[in-house]
Structure formats: structure tokens, C-alpha cells
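The values are calculated or read from the model by the stated rules, or taken from the named source; none is laboratory data. From a predicted model like this one, the values you see are computed outputs, not experimental measurements. FYI the Cβ positions are ideal-geometry reconstructions off the backbone, even for glycines, and counts take in every protein chain you see. Ligands, DNA and RNA are stripped out before the accessible areas are found, and what is left, the full protein with its side chains, is counted by its heavy atoms. Shrake-Rupley method; radii C 1.70, N 1.55, O 1.52, S 1.80 Å.
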Amino acid sequence: MQKMVILGATGSIGASTLSVIGNNPEAYSIYALVANTNVDKMLALCIEHKPSIAHMVDVDAARLLRQRLPVNSGVEVTTGATELDDLVSASCVDTVMAAIVGAAGLLPTLAAVKAGKRVLLANKESLVMSGRLFIDAMKASGAQVLPVDSEHNAIFQALPESIQSNLGFCDLDGAGISHILLTGSGGPFLTSPLDSLSAMTPAQACKHPNWSMGRKISVDSASMMNKGLEYIEARWLFNTTPEQLKVVIHPQSVIHSMVQYRDGSVLAQLGNPDMRTPIAHCMAYPQRITSGVEPLDFFKVGQLSFLEPDFERFPCLSLAIEACKQGQEATTVLNAANEISVAAFLENKLTFTDIVKVNETCLSKVSMSSLKSLDDIIALDTQTRRFALELVAKI
């Protein structure tokens with residue numbers, strides 16, 4: 001039985017992970033659940049799933065959870081960065097689901113990697129911010145990192161075992177692979193008139209046609225920044241060159257990504273748009289378990305269509321691709337700027353089209369020195385956030 005820690009337990013990936021565990025109770029047990037501030041949801045999860053530890057990043061939330069838990073719950077409540085690192089590194093832990101959204105997920109995810117754990121990576125920002133450092137830490141510790149994002153998981157499933165077992169250092173060309181085709185739905189604004197985008201509201205941006213996701217990721221999907229961040233993540237996971245990596249718009253979200261081989265073959269992974277499928281794949285790899293997802297009914301799918309990305313409609317995607325080509329410093333800046341601009345949009349402080357303006361200005365104005373350590377990465381992230389907040393205040 002695998003003992004699991006779920007980082008981001010109160011989010012959508014956390015809920016899907018707990019659902020898969022519920023379908024396979026004989027194979028998995030929950031050692032710890034980790035969340036930020038959502039005491040109500042964490043309380044309900046503790047009562048239902050009975051973890052050994054509930055960790056709240058927010059100190060006040062931890063105090064409140066202690067007060068509200070039944071005295072005989074048996075759940076220990078912890079808080080603090082050191083305590084979180086100790087938790088994911090604990091000798092009894094086999095697997096860590098890394099599903100904290102944004103830069104906040106970097107440190108605990110990296111701690112799990114350094115501890116040599118089996119890490120189910122749903123936090124793409126870990127690689128966007130610290131790609132080389134992360135990959136090198138994975139190699140040094142022997143950690144097994146498995147990609148949870150539906151696109152990266154699809155690519156992983158379509159690759160030969162020799163590539164699967166050597167993520168970060170694989171030789172795509174040597175394996176006869178010509179291109180990785182990263183699919184994206186295009187989000188809720190795929191066909192909206194361009195002159196209407198500035199008036200789009202947070203509610204409209206969060207109404208994804210296919211997937212149920214958190215608000216930040218939903219906005220990123222609407223701008224296709226999410227695909228841009230996935231492009232950067234794919235660059236590190238699969239050791240690609242820019243020429244080997246392409247984005248394809250696929251509105252139906254049935255084909256989750258594809259791998260194109262030199263002999264003309266294209267291998268694709270298909271399924272209903274439900275995150276429990278890639279989560280179950282990672283949890284049981286190389287075996288297969290019940291995910292709880294309905295099988296794909298090809299007679300109901302209808303037509304599958306594909307489009308080239310429109311960079312006028314999706315300038316954030318273009319920014320991310322260019323930042324990836326520039327290097328680690330640029331992707332770290334872009335991620336920080338985007339987290340600030342999206343949060344401001346969700347608070348009605350920016351228009352939807354202001355998001356790319358803030359991101360682009362940060363990329364052109366923030367001073368980028370070489371990133372040689374985790375401290376350097378955090379310093380650049382902090383500097384960029386400060387500058388982005390100043391930009392938001394001026395708009």
C-alpha cells in the first residue's frame with residue numbers, strides 16, 4: 001500500500017486524487033493532506049478521509065482547524081515551511097501529489113524530489129521557474145517524477161519506455177521522434193470576436209467548455225497562457241528543442257496530446273476530459289487501475305477538429321514560447337508576472353487584455369541576472385511580482 005501526501009488537497013486535482021483513492025482503497029492510504037486557507041473544506045476532508053496529518057500553510061487557518069476538529073479525530077494539524085518540507089520528506093511517505101497551484105508549489109515539490117519520492121507532478125510552475133535545477137535534483141536523488149497534466153501525461157503514454165524512464169535527459173531524435181504535438185482546447189474565447197476580449201469578465205473567462213478547473217488555471221486557459229506554461233514544462237520533461245515542440249488547437253479535448261514519429265506514425269492518447277484518468281495512470285504506473293472515469297464513446301464524440309494557434313487572439317501563448325527560447329530567467333519572470341496579472345483580473349482590477357500587457361512589460365523591463373540557485377529564482381520571482389503590482393496599480 002502506497003502512503004500518499006496530497007499537496008493542494010482542497011483544489012480540483014486534490015478532489016480528483018481523493019476520488020481515485022476512493023476507487024482503490026486497498027492500494028493507497030492518505031498520510032497527509034496539505035492546503036492553504038480553506039478550513040471548511042479541509043475539515044470535511046479530515047473527517048471523511050482521516051489522514052494522519054493536516055497541514056495548513058496559513059498559520060491562522062491551522063489554528064482554526066485545530067479548534068474545529070473533533071477531539072478524537074486522531075488528525076495532527078501542522079503549519080510552517082520547515083514542517084511541510086519534513087512532511088513530504090518523511091520516510092514513511094511513498095508518493096507525493098504535487099498539486100499546489102502557482103509558485104507556492106515550488107518549494108514543497110522540490111523538497112519531495114530531493115527526498116527521492118515518487119512525485120506526481122501537477123504543479124507545472126515548478127518546472128517553469130526552476131527547470132534545470134529541478135531536473136538535476138531529480139537525477140541526483142533518483143526521484144521518479146510522473147506528469148499529471150493531461151497533455152504531458154498523454155505525451156508520456158505515447159513515448160517508448162526508454163524515454164519514460166529518462167525524463168529530463170531523453171533523446172527524442174534517437175528514439176525516432178520528430179515532434180511532440182501539445183494539444184489545447186482554445187478555451188472559452190476561441191471563437192469570440194477579437195474586439196470583444198477586453199470586455200470579458202472573470203466569470204466568462206472561468207467558464208471552460210470542457211474542463212472543470214480552479215479559477216486561476218481557467219483564466220490561463222482562456223488566454224492560452226496555460227498552454228504556454230505547459231510548453232515550457234514539456235521542454236524540460238521531454239528535453240525538446242523548439243523545433244520538436246508544436247501546439248495544436250483541438251477544441252473537443254478528446255485527444256490530449258500526440259507524439260509524431262519519423263516513420264510517419266502519430267501516437268495519440270484519447271479519453272474523456274477528466275483529470276482522474278491521468279491521475280490514476282500516474283498513481284499506478286506502470287500498472288492500470290480503475291479511475292472512475294466513463295470510457296470514451298466514439299459514437300458520441302462526433303467530429304474531431306484541429307487548428308493552428310492564432311497568436312493575435314492568444315498573445316500570452318506567443319510570449320511563453322518566446323520566453324522558453326530565451327531561457328530560465330525569462331520563464332521565471334513570465335510566471336510571476338502572470339500570477340499577479342491574473343489575480344488582478346479576477347479582482348476586477350485589470351481587463352482581460354491587460355493581462356498580456358503586464359506580462360509583456362515585465363519581460364521587457366525586469367532585470368534578469370543568471371539563475372544559479374533556488375535563492376536566485378526566488379529573488380527574481382519576488383522582484384517581478386513587486387514590479388507587476390506597480391504596473392497593475394498604474395493601469
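Of the residues SER89, SER29, SER73, SER12, which single one is more than 30 Å from ASP274 (Cβ to Cβ) and under 24 Å from the mean Cα position of the chain (by Cα)?
Matching residue, one of SER89, SER29, SER73, SER12: SER89.
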### Task
Using the structure shown, decide if VAL128 is in contact (Cβ under 8 Å) with a residue 40 or more places away in the chain, open to solvent by less than 10 Å² (accessible area, probe 1.4 Å), assigned to a helix (DSSP H, G or I) and in contact with a Lys or Arg (Cβ under 9 Å, 6 or more places away or on another chain).
no
### Task
Could you check, for segment 83-95, whether at least one of its residues is small (Gly, Ala, Ser), out of contact with any Cys (no Cβ under 8 Å at 6 or more places or on another chain) and open to solvent by 70 Å² or more (accessible area, probe 1.4 Å)?
yes
### Message
Name the single residue that is modelled with the highest pLDDT among those in segment 197-210 being open to solvent by less than 40 Å² (accessible area, probe 1.4 Å) and within 18 Å of the chain's Cα centre (by Cα).
### Response
CYS206
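Okay, residues lined up against (1) under 28 Å from ALA323 (Cα atoms); (2) under 21 Å from the mean Cα position of the chain (by Cα); (3) not in a loop (DSSP other than H, G, I, E, B):
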position	(1), (2), (3)
ASP195	yes, no, yes
LEU229	yes, yes, yes
ASP274	no, yes, no
SER291	no, yes, no
### Summary
Every listed condition ((1) modelled with pLDDT of 95 or more; (2) closer than 25 Å to TRP211 by Cβ; (3) open to solvent by 70 Å² or more (accessible area, probe 1.4 Å)) holds for ALA15 save (3)
### Message
Can you pull out every residue in segment 32-55 that is out of contact with any Phe, Trp or Tyr (no Cβ under 7 Å at 6 or more places or on another chain) and either open to solvent by 40 Å² or more (accessible area, probe 1.4 Å) or over 23 Å from ASP94 (Cβ atoms) (or both)?
### Response
ASN36, THR37, ASN38, VAL39, ASP40, LYS41, LEU43, ALA44, ILE47, GLU48, HIS49, LYS50
### Task
Name, by its number, the condition in (1) surrounded by fewer than 19 Cβ atoms within 10 Å (Cβ to Cβ); (2) closer than 15 Å to ILE30 by Cα that does not hold for ALA98.
(1)
